[in-house]
1. For every helix of n ≥ 4 consecutive DSSP H residues, a contribution of -39,500 (n - 2.57) applies; sum these over the chain, divide by its total residues, and give [θ] at 222 nm rounded to the nearest 500 deg cm²/dmol.
2. Tell me the relative contact order for the chain as a rounded percent, counting alpha carbon contacts under 8 Å between residues six or more apart.
3. Taking the simple approach of a point 7 Å from Cα along Cα-to-Cβ for both residue 21 and residue 56, what is their distance in nm?
4. When ranked by the protection proxy of mean other Cβ atoms within 10 Å per residue, highest first, what sequence do the peptides 50-60, 25-35 form?
5. On full extension of the chain, what length is gained from residue 42 through residue 63, given 0.36 nm per residue of separation minus the C-alpha to C-alpha distance?
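Laboratory data are not the source of any read-out in this text; all were calculated from the coordinates shown. Nothing here was measured: the structure is a model prediction, and the numbers come from that model. Cβ sites come from the backbone with ideal geometry, for glycine too, and all protein chains shown count toward neighbours.
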């Protein structure tokens with residue numbers, strides 16, 4: 001994965017995007033610290049669909065709720 005300083009990423013965004021599409025994820029750094037990653041949309045969708053919901057979202061969702069049988 002290539003790392004692009006933010007000023008280069010801004011100035012050469014089209015090249016950054018083309019490199020992302022042809023070579024995969026590209027890191028963007030700010031003041032020498034990793035700040036973000038640009039990923040191809042197909043990879044983002046794959047990662048997004050594979051992500052598990054958080055405990056908070058599970059507890060707040062209506063799905064999966066039902067009668068829970070507990071032993072006496």
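1. Estimated from H runs of four or more residues: -12500 deg cm²/dmol.
2. Averaging sequence separation for qualifying contacts and normalising by length gives 24 percent for the chain.
3. In this crude label model, residue 21 to residue 56 measures out at 3.6 nm.
4. 25-35, 50-60
5. My answer for the length gained is 4.8 nm.
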